[in-house]
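*Asks:* Please see the structure below; I have some questions.
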Amino acid sequence: MSRDHVSHGEIAQFAANRVNLPKVKANEYRAQAGRLREKLETYLHEHPDFTLRKMLLSGSLAKGTALGSLNDIDVACYVSGAEVPTDIDALLNYIAERLRKAFPNFSSDQVQPQTYSVTVSFRGSGLDVDVVPILYFGDLQWYGNLVSQDDGSFLKTSIPLHLEFAVKRKKAQEKHFAQVVRIVKYWARRMKLEQEGFRFKSFMIEMILAKLCDDGLDFSDYPEALQHFFTYVARTDLRERIVFSDYYKPSALGAFSDQVQIVDPVNAENNVARLYTAENADAIVDAALDAGDAIDAALGAPTKQLTVAYWQKVFGSAFHA
Ligand SMILES: Nc1ncnc2c1ncn2[C@@H]1O[C@H](COP(=O)(O)OP(=O)(O)OP(=O)(O)O)[C@@H](O)[C@H]1O
Ligand SMILES: [Mg+2]
């Protein structure tokens, strides 16, 4: 591989400048979510029967995999009680009404039900907080029924165990695992902007990379790690089942008939890629083939200008070296 023009260092620099959410911003947003959580805790202290049990930072901000383009702060909210509605619209209204009770200094229009979540908007600085409900029945590992942000269905899962799962891979390849997740998410985001109907959920990207990590791929060279990711997707046609043994025995797995099978590492019955059609999968495979070819060409290109042009096929014109 010729790396005279663009090598690991240049990709790392691009990620630092263009891909990642700056650390000060991440800390600011985490603190913002933390203040909401504390407010709820204070309220709960005075009203122990309150049905909103806990708020927990979830998603990319919790995992250290957020992009600079992040536009809301994901917070999971555990709800329990006999009177909690299970109809999604009623549930969201119910949560909005409870949040207004717990946060009386927010005006009522700052707390608004959306399609599958409730947003809490802050005046002035900060991002909106996206409160995602989890119906909770007291499980000690915080399993509950999470409202899917894709279709509003209830998914049995555990956010704290997802975080633990991610921490394990982040520790195995410090800095690099999370960085490669962010770079691939950046690529996928660009594909979504470019191609109508293109979808590739962040959680799926993270699980594919976790599998490559568990298989022993070294993430410390970014061009190489990216090339492996794209090659994996292309080689398997995204039709190879991905399953982990952290929290259950893969042999105990039931049959899925879905095109793409990426099983939730904390619930053997939940296929994270359930909604992906053959067309969705084929579009991802085609895009991965293109990206893989472009990286190959970049690594063999004779001039800097050509090399950069190939990398721009992967990352767009924002890429400079
Ligand atoms: N289908 C699913 N089954 C179980 N848990 C899910 C599922 N989809 C999302 N989650 C949970 O929600 C979290 C956020 O998922 P999402 O795909 O939005 O990724 P993200 O890391 O927040 O990335 P982004 O920066 O794109 O928002 C995951 O870490 C996981 O805990
Ligand atoms: Mg998210």
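*Asks:* Could you please find all residues in region 184-230 being more than 20 Å from Val308 (Cα to Cα), more than 16 Å from ligand 2 (Cβ to nearest atom) and either among the hydroxyl-bearing types (Ser, Thr, Tyr) or in contact (Cβ under 8 Å) with a residue 60 or more places away in the chain (or both)?
*Replies:* Correct list: Gln195, Gly197, Phe198, Ser220.
*Asks:* Right, next: Going residue by residue through region 203-220, is there one that turns out to be among the acidic types (Asp, Glu) and either on the phi > 0 side of the Ramachandran plot or under 16 Å from the mean Cα position of the chain (by Cα) (or both)?
*Replies:* Yes, the conditions are met somewhere in region 203-220.
*Asks:* Report, by residue number, each residue of region 180-239 that is touching a His at 6+ places or on another chain (Cβ under 7 Å) and either among the acidic types (Asp, Glu) or closer than 18 Å to Glu10 by Cβ (or both).
*Replies:* Phe219, Ser220, Asp221, Tyr222, Pro223
*Asks:* Also, quick follow-up: Which residue pairs have Cβ atoms under 6 Å apart, sit 6 or more places apart or on different chains, and have a first residue in region 280-291 that is small (Gly, Ala, Ser) and a second that is assigned to a helix (DSSP H, G or I) and surrounded by 15 or more Cβ atoms within 10 Å (Cβ to Cβ)?
*Replies:* Ala287/Met191; Ala288/Phe230; Ala288/Val233; Ala288/Ala234; Ala291/Phe230; Ala291/Val314
*Asks:* Another one. Could you count how many residues in region 241-265 are of a type in the set (Lys, Arg) and closer than 17 Å to Lys201 by Cα?
*Replies:* Counting residues in region 241-265 that are of a type in the set (Lys, Arg) and closer than 17 Å to Lys201 by Cα gives 1.
*Asks:* If you don't mind, there's one more thing I want to ask. May I ask you to list the residues in region 307-320 that are of a type in the set (A, V, I, L, M) and either surrounded by fewer than 16 Cβ atoms within 10 Å (Cβ to Cβ) or under 23 Å from the mean Cα position of the chain (by Cα) (or both)?
*Replies:* Within region 307-320, Val314, Ala318 meet the criteria.
*Asks:* Let me ask you something else. Report, by residue number, each residue of region 42-94 that is of a type outside the set (Ser, Thr, Tyr), more than 14 Å from ligand 2 (Cβ to nearest atom) and part of a helix (DSSP H, G or I).
*Replies:* Within region 42-94, Leu44, His45, Glu46, Ile88, Asp89, Ala90, Leu91, Leu92, Asn93 qualify.
*Asks:* I would also like to ask the following. Please go through region 62-88 and give me each residue that is near ligand 1 (Cβ under 10 Å from one of its atoms) and out of contact with any strand residue (DSSP E or B) (no Cβ under 6 Å at 6 or more places or on another chain), ordered by number.
*Replies:* Ala62, Lys63, Gly64, Thr65, Ala66, Leu67, Ser69, Leu70, Asn71, listed by residue number.
*Asks:* Between Ala62, Ala102, Ala76, which is touching a Gly at 6+ places or on another chain (Cβ under 9 Å) and in contact (Cβ under 8 Å) with a residue 60 or more places away in the chain?
*Replies:* Criteria check complete, one pass: Ala76.
*Asks:* With respect to Ala255, is the statement that it is outside any helix (DSSP H, G or I), more than 20 Å from the chain's Cα centre (by Cα) and surrounded by fewer than 19 Cβ atoms within 10 Å (Cβ to Cβ) true?
*Replies:* Answer is yes for this residue.
*Asks:* What is the residue count in region 168-204 for residues that are within 12 Å of ligand 1 (Cβ to nearest atom), part of a helix (DSSP H, G or I) and of a type in the set (D, E, K, R)?
*Replies:* 4
*Asks:* Sticking with this one: Answer yes if at least one residue in region 239-247 is among the small types (Gly, Ala, Ser), assigned to a loop (DSSP other than H, G, I, E, B) and surrounded by 14 or more Cβ atoms within 10 Å (Cβ to Cβ), and no otherwise.
*Replies:* no
*Asks:* Tell me which residues, restricted to region 172-181, are over 16 Å from His228 (Cβ atoms) and either within 14 Å of the chain's Cα centre (by Cα) or in contact (Cβ under 8 Å) with a residue 24 or more places away in the chain (or both).
*Replies:* Ala178
Computed from the coordinates by the stated procedures, all read-outs in this text should not be read as laboratory data. Keep in mind the model is a prediction, meaning the values are calculated, not measured. A quick note on method: Cβ atoms are made from the backbone with ideal geometry, for glycine too, and the neighbour counts reach across all protein chains shown.
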